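S.K.: Starting off with a structure, shown below.
The values are calculated or read from the model by the stated rules, or taken from the named source; none is laboratory data. In this text the structure is predicted, and so the values were computed from the model without any measurement. As a convention, Cβ positions derive from the backbone with ideal geometry for all residues, glycine included, and neighbour counts pool all protein chains shown. Ligands, DNA and RNA are excluded from the accessible area calculation, which covers all protein heavy atoms including side chains. Shrake-Rupley method; radii C 1.70, N 1.55, O 1.52, S 1.80 Å.
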Amino acid sequence: MTDAATHPTRRTLRLGVAGPVGTGKSSVIATLCRHLRDEFAIGVITNDIYTDEDARFLRSAGVLDPERIRAVETGACPHTAIRDDVTMNLLAVEDLERDFAPLDIVLVESGGDNLTATFSPALIDAQLFVLDVAGGGDVARKGGPGIARADLLIVNKIDLGEHVDVDVEQMLTDARAARDGRPVLALSRKRAETIEQLCDWVRRMHAAFLAGEHTPIDPGPMAAHFHASDDGGYLHEHEHEHAHEHAHEHARESLRTAD
């Protein structure tokens with residue numbers, strides 16, 4: 001029997017997890033895997049610049065079969081591989097989906113970046129953007145495409161508020177004001193009710209995806225910025241809306257060539 005007959009075509013829900021360094025993206029993914037692995041067939045792709053550190057953390061935590069957790073070493077700013085040119089991540093996701101078909105969900109973790117980094121909808125179907133209380137109570141007010149328009153904004157480590165002098169309720173109020181009605185989730189891995197709320201959000205997203213009721217959105221391009229050369233100078237400045245379009249075409253062409 002052919003693979004196609006054994007595994008009817010069914011697109012996996014691809015969820016991106018982005019946010020600044022240290023906000024707990026890997027912890028969020030570990031939590032989701034630990035609590036949903038008996039309901040869904042899950043795979044994970046992590047992104048780091050020069051290492052597979054996040055993948056090794058998840059494997060050592062035992063949240064999934066280690067073979068279902070794979071690393072992409074971007075060799076450049078994290079946003080380049082999740083938005084500018086998604087080819088290496090797209091190929092990694094498709095390899096994982098093929099090797100463990102049928103998967104229900106693939107979680108793609110961005111390397112830690114800044115408040116403007118978001119996933120291309122050419123790579124993922126929905127995205128979570130993670131902030132944390134320890135990063136400062138004013139972060140949610142600073143805005144950016146991830147904070148404002150990701151499918152879900154997570155304010156992580158809410159149990160630390162009293163220890164870092166952050167008013168968690170005010171931070172959540174600021175986050176909701178920045179979101180124009182889009183969902184905000186207060187999360188602590190030490191508070192079971194918040195974990196269940198996160199899992200319920202994923203369940204609802206998966207159901208909507210299967211029913212054809214979810215359309216991937218593009219939170220918006222990054223601001224124009226410079227990439228440094230090896231000698232400390234600047235290679236070029238560019239705006240990401242332009243690069244974003246080229247990335248999509250480049251990814252499609254690469255996949256056609258691979259086929």
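S.K.: Suppose R0 equals 25 Å; then what is the FRET efficiency for Leu160 and Gln197 from their Cβ-Cβ distance, rounded to the nearest 0.05?
M.R.: Computed FRET efficiency for Leu160 and Gln197: 0.85.
S.K.: Enter the accessible area of Ser27 (Å², nearest 10), with the probe set to 1.4 Å and all protein chains included.
M.R.: Surface accessible to solvent at Ser27 totals approximately 40 Å².
S.K.: Then there is this: Can you give the FRET efficiency to the nearest 0.05 for Ala76 and Arg56, using r as the Cβ-Cβ distance and R₀ = 25 Å?
M.R.: It comes to 0.75.
S.K.: Just want to confirm a number: the relative contact order over segment 13-111, from Cα pairs under 8 angstrom separated by 6+ residues, in percent.
M.R.: Working: 160 pairs, mean separation 42.9, N = 99.
So the answer I get is 43 percent.
S.K.: Arrange the residues Cys77, Cys199 by how much accessible surface each exposes, largest first, with a 1.4 angstrom probe.
M.R.: Per-residue accessible area, sorted high to low, gives Cys77, Cys199.
S.K.: Taking N as the number of residues in segment 16-128, what is its Cα Rg relative to 2.2 N^0.38 Å?
M.R.: 0.96
S.K.: Excluding ligands and nucleic acids, what accessible area in Å² is computed for Leu103 using a 1.4 Å probe, to the nearest 10?
M.R.: So the heavy atoms of Leu103 present about 0 Å² to solvent.
S.K.: Given N residues in segment 120-197, what is its alpha carbon radius of gyration divided by 2.2 N^0.38 Å?
M.R.: For segment 120-197, the normalised Cα radius of gyration is 1.08.
S.K.: How big is the antiparallel share of DSSP beta bridges in segment 90-206, given as a percent to the nearest 5?
M.R.: 0 percent
S.K.: With every protein chain left in place, what is the accessible area of Ile195 in Å² (1.4 Å probe, nearest 10)?
M.R.: 10 Å²
S.K.: Suppose accessible area is computed on protein heavy atoms with a 1.4 Å probe; arrange Ile217, Ile147 from highest to lowest.
M.R.: Numbers: Ile217 65, Ile147 0 Å².
Of Ile217, Ile147, the descending order of accessible area is Ile217, Ile147.
S.K.: Compute the distance in nm between two label points, each set 7 Å from the Cα along the Cα-to-Cβ direction, one at Asp104 and one at Arg176.
M.R.: Each label point lies 7 Å from its Cα, and together they span 3.0 nm.
S.K.: I've got another one for you. Please work out the average accessible area per residue across segment 121-220, using the 1.4 Å probe convention, and give it in Å².
M.R.: Roughly 46 Å² per residue, with all protein chains present.
S.K.: Separate question: Could you work out the relative contact order of segment 119-213? I mean the mean sequence separation of Cα pairs under 8 Å and 6+ apart, divided by the number of residues, in percent. Each step should come with its number before you reach the end.
M.R.: Details: 122 pairs, mean separation 24.2, N = 95.
Relative contact order here is 26 percent.
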